[in-house]
1. What about K34, is it under 14 Å from the mean Cα position of the chain (by Cα) and basic (K, R)?
2. Mind listing just one residue for me: the one in region 131-161 that is among the polar types (S, T, N, Q) and open to solvent by less than 60 Å² (accessible area, probe 1.4 Å) and, of those, modelled with the lowest pLDDT?
3. Report yes if some residue within region 85-101 is over 28 Å from I162 (Cα atoms), exposed (fewer than 13 other Cβ atoms within 10 Å of the Cβ) and not basic (K, R); otherwise report no.
4. In region 99-114, what residues are farther than 11 Å from G6 by Cβ and either hydrophobic (A, V, I, L, M, F, W, C) or touching a Cys at 6+ places or on another chain (Cβ under 7 Å) (or both)?
5. Identify, by number, the condition in (1) open to solvent by 60 Å² or more (accessible area, probe 1.4 Å); (2) over 23 Å from D135 (Cβ atoms); (3) among the charged types (D, E, K, R) that D30 doesn't meet.
6. Would you confirm whether any residue within region 53-75 is small (G, A, S), closer than 25 Å to R122 by Cβ and in contact with a Ser or Thr (Cβ under 9 Å, 6 or more places away or on another chain)?
7. Somewhere in region 83-96, is a residue of a type in the set (V, I, T) and outside any strand (DSSP E or B)?
8. What pairs come up if the first residue lies in region 1-24 and is free of Cβ contacts under 8 Å to residues at least 40 places away in the same chain and farther than 18 Å from D129 by Cβ, the second is open to solvent by less than 50 Å² (accessible area, probe 1.4 Å) and not basic (K, R), and their beta carbons are under 9 Å apart, counting only those six or more places apart or on different chains?
Amino acid sequence: LIAQSGFQTPDTLVTTTPESVRAFCKAAGDVIYKSVSSIRSVVHRMSPERLDSLDDVAWCPTQFQAYVPGTDYRVHIVGDRSFACAIESSADDYRYAASRMQSCDLPDSVVHRCLRLSRMLRLPLCGIDLRQTPDGSWFCFEVNPSPAWSCFPGAEDIRTAIASLLVS
């Protein structure tokens, strides 16, 4: 559905099989990973040391993705409104590092894709994680149906929009 809405998605593997991970890493090159569970996980870049301990994935479904360079954006969709912020961070996971976030305007075509995606998923409230590559391509990593929003720029406007959506 993300691709149908017009965004690119990175090559992705979710597995508990170490051999599959090795083959994926060989084909993809630079790879990030995180656990797949109901607990918030941390994104890490695959390292040679981690490749040596891949047997651990047998006990925890893990998502591996081809690394996509670029600038992160979080877009909150509330009904027909969008609230975007650009995120500057040198960490693999901006949520756990010193990051600079500021509200921004996205190109109309990107906003349209985000609104279309939220409608396709029937999620009038969602957080969409995007990355724009240096060549201008837009990737979508996930759509969160229960997004954190109070820690992002524009939180007051998002809160007001959520209240209005609930009242309507």
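1. On the way: under 14 Å from the mean Cα position of the chain (by Cα): yes; basic (K, R): yes.
Against the criterion (under 14 Å from the mean Cα position of the chain (by Cα) and basic (K, R)), K34 qualifies.
2. Just the residues of region 131-161 that are among the polar types (S, T, N, Q), to begin with: 132-133, 137, 144, 146, 150, 160.
Those still in the list that are open to solvent by less than 60 Å² (accessible area, probe 1.4 Å) too: 132-133, 137, 144.
Values: Q132: 97, T133: 96, S137: 97, N144: 92.
Out of the qualifying residues, it is N144.
3. Scanning region 85-101 turns up at least one residue that is over 28 Å from I162 (Cα atoms), exposed (fewer than 13 other Cβ atoms within 10 Å of the Cβ) and not basic (K, R).
4. Looking only at region 99-114, we keep the residues that are farther than 11 Å from G6 by Cβ, and these are 99-108, 111.
Scanning region 99-114 gives M101, Q102, S103, C104, L106, V111.
5. Looking at each condition in turn, D30 falls short on (2).
6. The initial filter retains those residues of region 53-75 that are small (G, A, S), namely 53, 58, 66, 70.
So of that shortlist, the ones also closer than 25 Å to R122 by Cβ come out as none.
No, that holds for no residue.
7. Keep residues of region 83-96 that are of a type in the set (V, I, T), which gives 87.
When the remaining residues are screened for being outside any strand (DSSP E or B), the result is none.
Checked region 83-96: no residue is of a type in the set (V, I, T) and outside any strand (DSSP E or B).
8. That search, which allows pairs on different chains as well, returns E19/L54; S20/L13; S20/V57; S20/F64; R22/L54; A23/L13.
The values are calculated or read from the model by the stated rules, or taken from the named source; none is laboratory data. Just so it is clear, the model here is predicted, and its values are computed rather than measured. Note: ideal-geometry Cβ built from the backbone for every residue, glycine included; neighbour counts use all protein chains shown. Heavy atoms of the whole protein, side chains included, go into the accessibility calculation; ligands, DNA and RNA do not. Shrake-Rupley method; radii C 1.70, N 1.55, O 1.52, S 1.80 Å.
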